[in-house]
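What follows is one structure encoded as structure tokens, with my remarks underneath.
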Amino acid sequence: MSVATERTTFESLNPATGEVVAEHPIHDEQAVRDAIERARKATAWWRELGWTERRTRLLNFKGALTRNLNRMAELIHQETGKPLQDAQLETVMAISHLDWAARNAQKVLGQRTVFPGLMSINQKCLLEYQPLGVVGVIGPWNYPIFTPMGSIGYALAAGNAVVFKPSEFTPGVGVLLAEIFDTAVPEQPVLQTVTGLGPTGAALAGAGTDKIAFTGSTRTAKRVMAACAEHLTPMVAECGGKDAFIVDADADLDAAADAALWGAMANAGQTCIGVERVYVVDSVYDAFLGKVSEKARELRPGFDREAAYGPITMPGQLDIIERHIKDALEKGGTAVVGGADSVRRPYVEPVVLADVPDDSAAVCEETFGPTITVHRVADLDEAVRKANDTSYGLAGTIFSGSRARAVEAARRLRGGMTSINAFAAFAMVGALPFGGVGESGFGRIHGADGLREFARSKAVTRQRFALPTNLVSFSRTEKDMERVLRLVAMVHAKRHK
Ligand code: NDP
């Protein structure tokens, strides 16, 4: 259900053409509270449905979304400017996550028994994960369906109602998503979308929902967290990154160059897990730089069908990208492809930078544009060290011919996900959790962890019979305690090698 108690309105624009895509209401604090109120009623109904009924409805939601895939993708294309095929792929990824969450919720969260341990052998132990209630989801514009679905799909599957606030740049995607949900679940407003600007998101964050799932910049995450503090609302924060891509001496260089370029330039580089820094082992540095540069020169931004990627969606980001390129060149970096004049509003042509000092903005801050810095390193160890030298910690990529070395290095990369010999393969896998450390945020979406993020554990014990010795009774004797201490010593005192 899309909430429509208009006060004032705002327009979403096509960033490539400047044309108005649609007009949407700005939902104020009261409208957000009303939506949460409706969600509170809906969540009771949704919870009572039980696992099987919820699963069926969510699979029907998935079916409806799949039947509307092209309509959704066209809207994403219009609102973000990204190529239609990228928008289709993004929608496919959202669909597969919704499917995984729907099919696995009961297995991950449903009631099970656990072994009580020797000291509590007379207890039957039940564990289940119950829904939180109402989850507020605040989403970004760069992947306007894939990213929020990582929270929305998993929160719904866990039994919660959701109030979704999409980015002001992509409100239509959120409205359409809720409309499609309504066709599959017409009974109650279990998924609602509220539209507006930053203050609408702030109203949702401060309204005392049972959790906020925020995806966006680290700067805004801090504000949202402060708002959540008011009601002690827990939060999951999926924020920005400065992801590294490592090329080992024995890597397949063609495949590595292809993946690095896609990771850096697809969606005009506006990807939280996008490749921003590339560390290449000395012996293959020149060959890799040559390949990646050659391929980069072939890419062209635009809004037509042949364009490799679209415009910069958020106009303000163009200044940041330009500043990073200029700063890198002023500090001694070399533009191997493009340069400062690659910023041609609203587009940015591909930029490959080499010899950029580690303290430049292009190496330290999230650029969020179709630019990469390529660095020479002595070996894999130095690559990992440099990759980890950032306050962010989201994801990373390693290309290597050695399975053991790559896995060992992958485990040492600071961040929630690493992909070996492919770019961001984990993002498509429903069973794998997604999330960062440090300035990239905390908490997890996707996978079993993503389901548990939107549920709370409930532990129940049922005494099946009384033990001869009751330690938690005033009838306990000294002899009882001596017997127990002897037993504890027998079981726990031995030394282990
Ligand atoms: P922003 O932080 O600008 O905005 C994110 C969301 O927060 C938007 O819906 C925005 O609304 C809303 N918002 C703005 N101000 C407030 C506020 N005070 N209280 C509550 N909500 C508010 O991020 P972007 O939309 O620019 O997204 C890009 C960022 O997101 C990048 O840093 C990127 O790395 C990160 N990101 C992280 C991902 C991850 O999974 N880790 C995935 C995708 C992106 P409005 O747009 O209306 O202002």
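The values are calculated or read from the model by the stated rules, or taken from the named source; none is laboratory data. Quick caveat, the model's predicted, so the values are computed rather than measured. All Cβ positions, glycine included, derive from the backbone under ideal geometry; neighbour counts span all protein chains shown. We work out accessible area using only protein heavy atoms, side chains counted, and drop any ligands, DNA or RNA first. Shrake-Rupley method; radii C 1.70, N 1.55, O 1.52, S 1.80 Å.
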### Message
If exposed means no more than 15 neighbouring beta carbons inside 10 Å and the site is in a DSSP loop, what's the longest run of the chain without any exposed chymotrypsin sites (Phe, Trp or Tyr not before Pro)?
### Response
1-464
### Relative contact order (%) - criterion: Cα under 8 Å, at least six apart; region: the chain
17
### Task
Extending each Cα 7 Å along its Cβ direction at Arg411 and Ala425, get the distance between those two points in nm, one decimal.
1.8
### Message
Which residue, Leu197, Val280, Gly153, has the largest displacement toward the positive end of the dipole of the chain when charges sit on each Cβ (Lys, Arg +1; Asp, Glu -1)?
### Response
Gly153
### Message
Restricting to Cα atoms and excluding each atom paired with itself, what does the Kirkwood estimate give for region 243-431 in Å?
### Response
16.2
### Query
Per Stokes-Einstein, at 20 °C and 1.002 mPa s, what whole-number D in µm² s⁻¹ belongs to region 239-338, with the Kirkwood radius over Cα pairs as the hydrodynamic radius?
146
### P(r) of region 436-497 over all Cα-Cα pairs, binned every 10 Å from zero, in whole percent
15, 22, 18, 22, 20, 3
### At R0 = 35 Å, FRET efficiency that the Cβ-Cβ distance of Leu84 and Ala404 yields, to 0.05
0.25
## Note on the structure
Hydrodynamic calc, region 1-139: Kirkwood Rh from Cα pairs, then Stokes-Einstein at 4 °C with viscosity 1.567 mPa s, so D in µm² s⁻¹ is 69
#### Entry: Overall dimensions of the chain as given by Cα atoms, namely Rg and Dmax in Å
25.6, 86
### Query
Per-residue accessible area for His27 at 1.4 Å probe radius, Å² rounded to 10?
0
### Task
Using Cα centres only, tell me the gap between region 189-259 and region 132-186 in whole Å.
14
#### Entry: Relative contact order (percent, whole number), region 343-437, Cα cutoff 8 Å, 6+ residue spacing
21
### Query
Relative to the longest principal Cα axis of the chain, at what angle does helix 478-492 sit, 0 to 90 degrees, rounded to 10?
40
#### Entry: the chain: angle of helix 171-184 to the longest principal axis, Cα-based, in degrees nearest 10
40
